[in-house]
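Visitor: A single structure is presented below for examination.
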Amino acid sequence: MDLNFTPEEQAFRQQIRGWVAENLPKDISHKVHNALRLSKDDLQRWAKILGKQGWHGWAWPTQFGGPGWNAIQRHLFEEECALAGAPRVVPFGPVMVAPVIMAFGSPEQQKRHLPGIMSGDVWWSQGYSEPGSGSDLASVKCRAERRGDYYVVNGQKTWTTLGQYGDWIFCLVRTSTEGKPQTGISFLLIDMKSPGITVRPIITMDGEHEVNEVWFDNVEVPADNLVGEENKGWTYAKYLLAHERTNIADVNRSKRELERLKRIAKAEKVYDDVRFRDEIAKLEVDIVALEMMVLRVLSGEKSGKQSLDVAGLLKIRGSEIQQRLTELLMLAAGPFSVPFIHDAMEAGWQGDHVGAAYCAPLAATYFNVRKTTIYGGSNEVQRNIVAQTVLG
Ligand SMILES: Cc1cc2nc3c(=O)[nH]c(=O)nc-3n(C[C@H](O)[C@H](O)[C@H](O)COP(=O)(O)OP(=O)(O)OC[C@H]3O[C@@H](n4cnc5c(N)ncnc54)[C@H](O)[C@@H]3O)c2cc1C
């Protein structure tokens, strides 16, 4: 196993670095570097810039209009974007539903949906979870009944991230109650402008509107929007979740945040405290260890070894590190990090605050990042999966 990058890979990194430096808008990277609120326009502006270059679907094969990069190139691209302060690409379209459409969708579905995802024009949401069906996802109840050329959908999805912006939503729906719960689920693509859909905000403890409830009341969905076969949705759902969990590890973003932590610790003078430096060092070791794990996975993929069975491990460690970073950021700023000022998340905010400007968003970020050990499959459930599939 060789964890060093070849000269070609290093040249590729330089090429990406140059492109990102030229194309990433400064106002967006400023917000990312300072953990400020990103608007829909910020996220979509970056998505469209990537889309124009054919990189919004950076992991796509050339057959579907992607760059056809290998695992190492994809990693280098993600790292360069993260370190430069690019927003995390909203994954629901390019990272989640697109691979499912490529693998299991009809040629018509591929033709209809993939170009809008690649260009960044069409915003997708994920409709998996329901009240009572999160970890126990196979128990979904949102019902789709076939009536001629249509399915009629009734029920509710919840925790739908950024669903308030959604043009389309991919949903797990119940099409049968026969047999095991897993065998009666289908994978449906639903236009969110369809009559009968209501999106209601859930305000999270950071005061933000990031997640939603989505209600379906007799929503008519053309039967052509079924992906693959009826009642085979569980297979497609699992395929998608493996992609989601690898993405969540987000080691590159943690590397960037570690540098922010050091900057703030130095500015607040706690960097001089050897005990605090110990904590930073421990975290840095964890980040390097996670990065080595990611590189081992990539090296395995390069040599043709399938390694998605460690996706759960990456998710667990990645999410714990993200949370620890926000804890140390709060500790570094001490009492100044405590005031919770909603408006301070806005770029250019000039209101009263206590302490340096960088302190203002720390509490909100701390609260927001509690989600990482829950979403994409909670860490407790991931540990069960790792125990079964990796440890045996
Ligand atoms: C911020 C945020 C954004 C999200 N975005 C989306 C989205 O866009 N689309 C979407 O479909 N979903 C989304 N989710 C939902 C997410 O996938 C679920 O919250 C997650 O799967 C956990 O399900 P649950 O909330 O129903 O908790 P539950 O399943 O009710 O779990 C409650 C607690 O019990 C524990 N637990 C449950 N079962 C076991 C077990 N077998 N062994 C050990 N412990 C167990 C869990 O770890 C957890 O601590 C989001 C969630 C959050 C918090």
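The values are calculated or read from the model by the stated rules, or taken from the named source; none is laboratory data. Owing to the predicted nature of the structure, the values given are computational and were not obtained by experimental measurement. All Cβ positions, glycine included, derive from the backbone under ideal geometry; neighbour counts span all protein chains shown. Accessible surface areas use protein heavy atoms only, side chains included; no ligands, DNA or RNA. Shrake-Rupley method; radii C 1.70, N 1.55, O 1.52, S 1.80 Å.
Visitor: Limited to segment 167-179, what total is found for residues that are in contact (Cβ under 8 Å) with a residue 40 or more places away in the chain and surrounded by fewer than 16 Cβ atoms within 10 Å (Cβ to Cβ)? Spell out the reasoning first.
Guide: First pass over segment 167-179, keeping only residues in contact (Cβ under 8 Å) with a residue 40 or more places away in the chain: 167-173, 175-176.
Next, from what is left, pick out any that are surrounded by fewer than 16 Cβ atoms within 10 Å (Cβ to Cβ): 167, 176.
So the count comes out to 2.
Visitor: State all residues of segment 137-166 that are near the ligand (Cβ under 7 Å from one of its atoms), open to solvent by 30 Å² or more (accessible area, probe 1.4 Å) and on the phi < 0 side of the Ramachandran plot; if no residue qualifies, say none.
Guide: Result: THR161, single match.
Visitor: From the residues in segment 366-386 that are open to solvent by less than 30 Å² (accessible area, probe 1.4 Å) and assigned to a helix (DSSP H, G or I), which one is nearest to the ligand (Cβ to nearest atom)? Let's see the steps before the verdict.
Guide: First pass over segment 366-386, keeping only residues open to solvent by less than 30 Å² (accessible area, probe 1.4 Å): 369, 372, 376-379, 382, 386.
Subsequent filtering for residues that are assigned to a helix (DSSP H, G or I) retains 369, 372, 379, 382, 386.
Values: VAL369: 10, THR372: 8, ASN379: 7, GLN382: 9, VAL386: 12 Å.
That would be ASN379.
Visitor: Against the definition (surrounded by fewer than 18 Cβ atoms within 10 Å (Cβ to Cβ), assigned to a helix (DSSP H, G or I) and within 15 Å of the ligand (Cβ to nearest atom)), how does THR389 come out, yes or no? Explain how you work it out, then say what you get.
Guide: Working: surrounded by fewer than 18 Cβ atoms within 10 Å (Cβ to Cβ): yes; assigned to a helix (DSSP H, G or I): yes; within 15 Å of the ligand (Cβ to nearest atom): yes.
Answer is yes for this residue.
Visitor: Among the listed residues GLY318, GLY300, identify the single one that is more than 16 Å from the ligand (Cβ to nearest atom), at negative phi and not in a loop (DSSP other than H, G, I, E, B).
Guide: Details: GLY318 fails: more than 16 Å from the ligand (Cβ to nearest atom).
Going through GLY318, GLY300 in turn, just one is more than 16 Å from the ligand (Cβ to nearest atom), at negative phi and not in a loop (DSSP other than H, G, I, E, B): GLY300.
Visitor: Need pairs with beta-carbon distance below 9 Å; first residue assigned to a strand (DSSP E or B) and within segment 198-209, second open to solvent by 70 Å² or more (accessible area, probe 1.4 Å) and of a type in the set (A, V, I, L, M); sequence gap 6+ or separate chains.
Guide: Here the result reads HIS209/ILE203, each pair linking segment 198-209 to a residue that is open to solvent by 70 Å² or more (accessible area, probe 1.4 Å) and of a type in the set (A, V, I, L, M).
Visitor: Can you tell me which residues in segment 114-136 are touching a Leu at 6+ places or on another chain (Cβ under 8 Å) and more than 7 Å from the ligand (Cβ to nearest atom)?
Guide: Going through segment 114-136, the residues touching a Leu at 6+ places or on another chain (Cβ under 8 Å) turn out to be 120, 123, 125, 127-129.
Within segment 114-136, GLY120, TRP123 meet the criteria.
Visitor: Looking only at segment 341-365, count how many residues are surrounded by 16 or more Cβ atoms within 10 Å (Cβ to Cβ), aliphatic (A, V, I, L, M) and part of a helix (DSSP H, G or I).
Guide: Total satisfying the criteria: 5.
Visitor: Taking the stated definitions as given, is ARG112 at pLDDT 95 or above, assigned to a strand (DSSP E or B) and open to solvent by 10 Å² or more (accessible area, probe 1.4 Å)?
Guide: Working: at pLDDT 95 or above: yes; assigned to a strand (DSSP E or B): no; open to solvent by 10 Å² or more (accessible area, probe 1.4 Å): yes.
Taking the combined requirement at face value, the residue does not satisfy it.
Visitor: Among the listed residues MET118, MET102, which satisfies the condition of being surrounded by fewer than 20 Cβ atoms within 10 Å (Cβ to Cβ) and not assigned by TED's automatic domain parsing to the domain that holds LEU50?
Guide: Details: MET118 fails: surrounded by fewer than 20 Cβ atoms within 10 Å (Cβ to Cβ).
Sole residue among the options that is surrounded by fewer than 20 Cβ atoms within 10 Å (Cβ to Cβ) and not assigned by TED's automatic domain parsing to the domain that holds LEU50: MET102.
Visitor: If ILE101 passes every condition in (1) part of a loop (DSSP other than H, G, I, E, B); (2) more than 16 Å from the ligand (Cβ to nearest atom); (3) β-branched (Val, Ile, Thr) but one, which one does it miss?
Guide: So ILE101 meets the others, but not (1).
Visitor: Residue by residue through segment 19-54, note down the ones that are surrounded by fewer than 12 Cβ atoms within 10 Å (Cβ to Cβ) and within 23 Å of LEU295 (Cβ to Cβ).
Guide: The answer is none; no residue qualifies.
Visitor: Checking GLU210 against (1) within 13 Å of the ligand (Cβ to nearest atom); (2) more than 21 Å from SER378 (Cβ to Cβ); (3) within 20 Å of the chain's Cα centre (by Cα), which single condition isn't satisfied?
Guide: It is condition (2) that GLU210 fails.
Visitor: Under the condition of being open to solvent by 70 Å² or more (accessible area, probe 1.4 Å) and in a helix (DSSP H, G or I), which residue from segment 303-315 is modelled with the highest pLDDT?
Guide: Ranking the qualifying residues of segment 303-315, first place goes to ASP309.
Visitor: Any residue in segment 117-138 that's under 11 Å from LEU172 (Cα atoms): show its pairings with residues that are of a type in the set (Asp, Glu) and more than 6 Å from the ligand (Cβ to nearest atom) at Cβ separation under 7 Å, as long as the two are six or more apart or on different chains.
Guide: none
Visitor: Quick one: SER186 ticks every box in (1) touching a helix residue (DSSP H, G or I) at 6+ places or on another chain (Cβ under 6 Å); (2) away from the ligand (no atom under 12 Å from the Cβ); (3) open to solvent by 30 Å² or more (accessible area, probe 1.4 Å) except a single one, so which number is it?
Guide: (3)
Visitor: Can you confirm whether ALA35 is within 21 Å of the chain's Cα centre (by Cα), of a type in the set (Gly, Ala, Ser), at pLDDT below 95 and closer than 30 Å to TYR366 by Cβ? I'd like the intermediate steps shown before the answer.
Guide: Numbers: within 21 Å of the chain's Cα centre (by Cα): yes; of a type in the set (Gly, Ala, Ser): yes; at pLDDT below 95: yes; closer than 30 Å to TYR366 by Cβ: yes.
The answer is yes for ALA35.
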